Structure formats: structure tokens, C-alpha cells
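Remarks on the structure that follows.
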2 protein chains.
Amino acid sequence: MTNPPPNTTDRRPGGRTARVRTQVLDAVRAELAESGHEGLTMEGVATRAGVHRATVYRRWRDVGGLLVDLIGAAGEIAWEPPDTGSLRGDLTALNREIQASLTEQPSFAVALMAASFHSEQAARAQTQLWDDRYAQCEVLVERAVRRGELPTAQRTDARNLLIAATAPVYHQLVLLRAVPDPDLPERAAAAAVLAAKAGAFSVPEDGGT
Amino acid sequence: MTNPPPNTTDRRPGGRTARVRTQVLDAVRAELAESGHEGLTMEGVATRAGVHRATVYRRWRDVGGLLVDLIGAAGEIAWEPPDTGSLRGDLTALNREIQASLTEQPSFAVALMAASFHSEQAARAQTQLWDDRYAQCEVLVERAVRRGELPTAQRTDARNLLIAATAPVYHQLVLLRAVPDPDLPERAAAAAVLAAKAGAFSVPEDGGT
């Protein structure tokens, strides 16, 4: 918790504190998408949000504090991993969500990654968010095992499978800056499923990875 | 070519122009690794290189020009893809090189990626360098086909296989900031080989991807 405790009149849901936070985080999102991390200032955010600068400084302290709260807010959004009935379908749907978030213009997700290269606070918050999302997605692999889609003689390392399925989308779009390929989400998903069926992510039952 | 033509006395290999370029690019590399893209200035580079500021401004114009030339210089280094006798061995060796470049402290490769989020010029130069390196690595897949390691009924898309093999290393280390896992290079390589053997990167002979 980086914020000081709000006073009691502020604590009701939808009260002033919550409203100010929404305004400020909306402004951070917009500034980040428009001008990137380098253009993000406390003053710019306060002006765009229509909130007193003193309030922004008091609650968020600095740009790093804004980024951490923004990433925290992303983690508060109710998100459910896809459930299409097959592992390939689930991973394809997941990759399509990722591809959409990376290719929308301006991309808030890409701006956040850029920011995390320059703010250790933002990097830690982002790593935590990603870790939570991958943990949520492990159920895709559990369901696939229950459906008999994956080898059952050995445990499948869900995290490694999920990384293999999603990494090509991030690599192509964020680092290699490839032109978005509409077939990429399914191709990367299908390759990971074939590798998984062939035992690429199997680990000995004694729990080693 | 961003540099003006040097005068004739400068054109001999190892002459003053080449020496100045080496000094300046060494300084850029050191500044980038130490303080990142945000700390990179023409003045800082000139001072560290022991070269007149006027020379640095005349030849490289701005920080973007320095980054482009630096990435160009990386492309001039003779680099050969690994040749271990098996596709899995080759991809593992390639991933180990990538992992080493991303985990050394300070990492010039990571600093360059960070810079490319903020400089369109640097981003284009980096994309070109990566494209060249992946093109060079396609021979790994051609050799594997000749050795009978991959299905021959359909052509294997070498680039997609290479991306699948290497992407998890970049994703884990650059974006997810995972603790370096010494098994990751081989695990990612092995998963891509299993997927390739199962036909994940096969394309119809009519050339579609």
C-alpha cells in the first residue's frame, strides 16, 4: 500500500477518493499511450485529470507511484482465462487477446513495457501482474489434462507451456516489431500444443522442473 | 549512410576516421550499459571517448545517429550460427548465446532494446539487425532437413521455428524479468524441435505460410 489512509468520508465505495483515483489513472493511461513514459509528468496528469497537483503529489508521490498504482488497478479488473473446450482453442483465444492489446494504437500495454525499462518500481509491479495472469491461466492446462489432451504419464509444467505458447506473440510484436500476422496467435498456440503432446513440458513426478 | 564522406587521408583502414569511430562507439556502449538510453548524451559520449564534441555532432548528428551506427557496427561483426551436428544442439547453443547477452551485467543488448522503445531510428536499425541474424540462422533448419531430422513431406518454415525456439528466452528474461534459468536455453530449443518434428511449422509446398 503506497497510499496514505483516506479519511472516513472518503472511504465509501464510489466516494471522492475512488473518483479521484479513477480520474487520475485514466489520465495516466491516456498520457502514457499518447506520449509514452518519457512524456509522463505529475503536472500533465493533474491537468488532464482536472485534479489539484497537491492531491496527486500527496497520494502518488511521483511518476513511479502513478505507474505502480496503474498496474495495480489492471490487476484488480476481473479477468477470466478463455474456456473454449480445447487447449488449442484456449491458447489461441489468449494469444488473440495479447495480440490485440499489443497492436491497438496507441497501445497502453507497450507503453507500460517501455516504462518498465526505466522504472524499477513499474517493472516489479508489471512482473507481479504478469505472474498473476500466468498463474490464472494454469487452469487451461489442468482442464486439458482432465480432457485427456495431454500426456498423463508425467505432469505437464503448465507455466512453461503457457510461456512457449505466448512468447512468440510478444517477441514478434514487441521486440521484432513485425507487421501483425492474423495467423500468429493460432500458429503459436498450435505449436505449443504439439510440443506439449510430444512431452516437451513433462516433468518427473518427483516435482523437479 | 548517415555519415558524410570522410576526407581522403581518413579513408585508409585503421586510419583516424576508423579510430575515432571505434572510440566513440565504445563510449556509447559503455554509457548505454551504465546509465541506459536516458543517460546517453552527445556530450557524455564525447567526453568519455576523448573526442571533440564538434566531431561527434558532425559525424553522428544526435543520439539517434549514435544508436543507429552502434547497431550497424554490431551487424558488421563476423558472426556464424552454431553448428553442433543436431538441430536441438544448434538451437540450444543459439539460446545460450542469447541468454548470456541478456543476463550479463550491464547488458548492452537490454539497453539497446530499451532505447529502441524511445528512438524510431534505433528501433528500425535493431529490427534490421535481428532480421539479418534470423536469416543467417535459417541454415540450421536447412541442415536439419538434410540430416533427416525434420518432416520432409512438407517444407518447414525456418523463421517460425527459430522464433518459437528463441522467443521464450527473450520473453522470460526481458519482459517477465525471471531469474535466469540455466535449463531454459535447452528446454526452449527442445520444445521447438518436438513441435517441428510434429509438423507445427510445416507449410504447403505451394509456398503459403
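The values are calculated or read from the model by the stated rules, or taken from the named source; none is laboratory data. These numbers come from a predicted model, not from an experiment. Don't worry about glycine lacking a Cβ; one is built from the backbone with ideal geometry, like all the others, and counts go over all protein chains shown. For the accessible areas, the whole protein counts, side chains as well, though only heavy atoms, and no ligand, DNA or RNA atoms are used. Shrake-Rupley method; radii C 1.70, N 1.55, O 1.52, S 1.80 Å.
Averaged over its residues, how many other protein chain Cβ atoms are within 10 Å of peptide B:158-169's Cβ atoms?
Details: counts 0, 1, 8, 1, 0, 11, 10, 2, 3, 12, 10, 3.
Mean number of neighbouring Cβ atoms from other chains: 5.
The value of relative contact order for chain A, using C-alpha pairs under 8 Å at least six residues apart, is 20 percent.
Please work out the C-alpha center-to-center distance from region B:127-157 to region B:52-79 and express it in whole Å. Centre-to-centre (Cα) distance: 32 Å. What part of the accessible area of region B:50-196, given as a whole %, is carbon or sulfur when the probe is 1.4 angstrom? In region B:50-196, the share of accessible area belonging to carbon and sulfur is 52 percent.
Per-residue Cβ counts within 10 Å, from other chains only, averaged over A:107-117: what number is that? Each step should come with its number before you reach the end.
On the way: counts 0, 0, 0, 1, 1, 0, 5, 5, 1, 4, 13.
Partner Cβ neighbours, averaged per residue: 3.
Among the residues of B:196-202, the average count of other protein chain beta-carbon atoms within 10 Å of the residue beta-carbon is 4.
Plainly put, the tip 7 Å out from Cα toward Cβ on B:E138 is 4.1 nm from that tip on each other copy, the closest given first.
Taking the Cβ of A:A144 as the center, what net charge do the other residues with Cβ under 12 Å away carry, scoring Lys and Arg +1 and Asp and Glu -1? Once all neighbours under 12 Å are counted, the net charge is 0.
For a quick protection proxy, order the peptides B:31-44, A:160-173, B:59-72 by their average other-Cβ count within 10 Å, most packed first.
Working: B:31-44: 16.4, A:160-173: 25.5, B:59-72: 20.1.
Those peptides, ordered most packed to least, come out A:160-173, B:59-72, B:31-44.
To the nearest 20 debye, what is the magnitude of the charge dipole of the protein assembly as shown about its Cα centre, counting +1 on the Cβ of each Lys and Arg and -1 on the Cβ of each Asp and Glu? Before the final figure, lay out the partial values.
Working: 46 positive and 52 negative charges, 173 e Å.
The dipole magnitude comes to about 820 debye.
Relative to the longest principal axis of the Cα atoms of chain A, helix A:184-197 runs at roughly 50 degrees. Placing a label point 7 Å from Cα along the Cα-to-Cβ axis, A:A100 is separated from the same position in the other copies by 4.3 nm, shortest listed first.
Taking 8 Å as the Cα distance limit and 6 or more residues as the minimum spacing, I'd like the relative contact order of region A:8-63 as a percentage.
Values: 39 pairs, mean separation 16.1, N = 56.
It comes to 29 percent, rounded to a whole number.
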